[in-house]
Every structure is written in C-alpha cells, then in structure tokens.
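Here's the structure, in structure tokens; my notes come after.
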Amino acid sequence: MGINKAKKLTTIGYKAAALLTGVTILLTGCGSFKGFAVSEVKTEDGDIETVSDDALISVGFSQLGSESTWRSANTESVKEALSTNDGFFLIFDNARQKQEKQFKAVRSFISQRVDYIVICPVIQEGWEMVLTEARDAGIPVILLDRSISVNDDTLYTTFVGEDMYAEGASAGKWLEEYLEDKGMDGKDINIVVLEGTSGSSAQVGRTRGFGAIAARHMNWNMLASANGEFTQAKGKETMERLLHEFDDIDVIVCQNDDMAFGALEALDEAGIKTGEKGDKILISFDGTKKALELVKEGVINVDVECNPNSGELLAQLINDLEAGKKVDKTNYMEEKVFTKENVDEYIDERNY
Ligand code: AHR
C-alpha cells in the first residue's frame, strides 16, 4: 500500500540517482516546516522520486521514552507505519520520561506547523495548557498508548492504545480462577505489586483493574505496592527491598515484563523460584517474546498482553481524518492473556 500511495504523490520533477528510500532531506534556515523539505520515495517500478513536503502528511511524534522492550516495539511500529513511502513525514522526539520535554516537543511541532501531533503521554495529569495551544493552532492531537485525564475531551481528537484497566482486571481474574482451581481460595494470600511510572495511565489503570478484583476477596492481603518505573534495573532493586521487608510473599505482580525480568534476577540471587516449580506466583504484563518463553518454561504464571503494534491503526486513523471521515474517540488494541496452555501459538510470531 505504501508504494501505491507513493506513486500517487505529486513529485517535483526528477528521479534521484541515490539508492536510498524514505530519506528525508530538510533544507535548513526555515522558521516553519511547510515548503522547505523534500523527501525521496520509492515507486512501484523501483524508481526513486522526490516529493515536496506538501504531498506528505507531517506528523510530530512525542514518544515518552525508551524504558522498556515494549516501548522500543511501539516506537518501531509507529516509524514503520508512518514512513515516507506511506505518505508521511515523521518528526520523532524522545522525551526520556520527562513531561516537560513532551511539552517542549509539542510546542516545537506547533511552531513547525505539522499536520498532526501524536503523543504517548508519560503521565495522565497536566496536559490542559499545551493541548489548548495545539487546539488554538488548529492541529489535531492523537493520543497513543497511554490516556490522559482532562475535563475537556475536545483537547484531543482521538486515542489509540490499550485498555489498562481491563488488563489489570484480567490479571486479577486469572488469579481468582487459579486459586480456586488449586483449592486455595479460602487461604490468606499475600500480594506485592511492582508498579510502573507513578501517575501514568498504565500504572493507574492496571492498579485499579487488579484492585477491583482484589476487593472481592477479603483473604487477599495487599502487602505492598512499590514503584519499579517500568525498568529492569528498578524492578530488581525494588524486588530486593520487598524480599528484605517481607518473608511471606505468595504473589508478585509486575506491571511490565522488564520489571519482571529484574524481579527474577533478585529472586534468583535469593534462591527463590516462581511459577509451577516454585512457591510464589508471578504475574506480568506486556507479552514480550522473552516473557512468553518464561511462561512456556513455567517461570511466569501468566502474562497479560499490552499490544505495542498501534502504528498501523494510527496511520489508518490519520488517513481517515484526512479523508474527512469521523473517527471513534477511543480505539483499543486487541489483547490476550498468555498462560502455559495457549502460549505456544504465539511465541514464534512475536518479534519484540
Ligand atoms: O504504556 C505501556 C507500558 O509502558 C508497558 O507496559 C511498558 O512496558 C511500557 O514501558
């Protein structure tokens, strides 16, 4: 589809000898994005054509960081779907977990007069001012992956991402059924949670979703919730601290796979096993290949999928908006729950 689309683009008249495709040349010295850039695209016949930026849909993308395996897969998915050959001109910015950096990136996209702004918001709160500036400039904002908390939902056009509450609830329901199957539903169960970035919709949603199921069970004791920042290093450090504080943990919930990998390092060093060969239940989120392999080995009991491949749907939504179509306000990705029973079907095709 990308090549066909490239064929349709208005060229400015010459075939470049370069063998590069999708390379964007930005001519400098310009105050605004419009009218100063040309890009090379590959046509159906394999020719390289140069198109003016006006023929491409310009998108400023503020990615929140690169903290996890999941995040890298999400960035890749967007870059692949919004390629020059697909008719897009992507300006990428990595905010390295700082909301301030996201504000700066959005303001820079506004001053470059991009056609669309896409944001993966690091945390939920605090977006009103910068999104008002984007709306005043007439630039549609699309939220990707994580949602935000604002009173006025006209501040963004659409959201495409994951239902974090549903993910947390799926983990809770899995535990409920598992304990029942093992005849442990009357027993006291001590739970610790390694949470992701505080105030992110992923942390808030998963905590609330799991909490709603936990509230149905008086015997589920939430011993502690600690911030592991969605990283492997912090996951390890946090697990070490929790093992030091509590010697009676039954269930470890890691709100992403990277923290689970870190937690497993700490557990291994302490000589503790999880899953079917251990005495602690390990629950994780994301569904990366390495984690699915650990599900298969019986080390992680359950992994609730968080689907990072939202690039294609994002591109579709932008194309629909360009065509003047009405799009849904909320677009959730399809997600699964992986256990030893079904994981074999999915491991091979997983590329992150
Ligand atoms: O927002 C999605 C979450 O953020 C993923 O679970 C995690 O791995 C990432 O860093």
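For this structure, a couple of remarks:
- Scaling the Cα radius of gyration of the chain by the globular reference 2.2 N^0.38 Å produces a ratio of 1.11.
- Selection from Ile213, Phe230, Gly183 lying farthest towards where the dipole of the stretch 147-252 points positive, charges on Cβ: Phe230
- For Lys296, net neighbour charge (Lys/Arg +1, Asp/Glu -1) across residues whose Cβ lies under 12 Å away: -4
- Diagonalising the gyration tensor over the Cα atoms of the stretch 127-231 and scaling each eigenvalue by 5 before taking the square root yields semi-axes of 36, 13, 10 Å, largest first.
- Cut-off 12 Å between beta-carbons: net charge of the residues surrounding Ala166, Lys and Arg +1, Asp and Glu -1: -2
- Amide H contacts of Asp145 (H built 1.01 Å from N, in plane; Pro and chain starts excluded): Val160, Gly161, Glu162 sit under 5 Å, all sequence-distant by 5 or more or on other chains.
- For Lys340 and Asp181, the difference between the fully extended length at 0.36 nm per residue and the C-alpha to C-alpha distance is 55.7 nm.
- Simple spin-label estimate for Asn94 and Glu133 in nanometres, 7 Å along Cα-Cβ: 2.4 nm
- The stretch 164-306, relative contact order [Cα under 8 Å, separation at least 6], %: 24 percent
- With an a/c value under 1.5 for the gyration tensor axes a ≥ b ≥ c computed over the alpha-carbon atoms, the stretch 164-306 is described as rounded.
Here, each number is a calculation from the coordinates, and none is a lab measurement. Remember, it's a predicted structure, so these values are computed and weren't measured experimentally. No Cβ is skipped: glycine too gets one built from the backbone with ideal geometry, and neighbour counts run over all protein chains shown.
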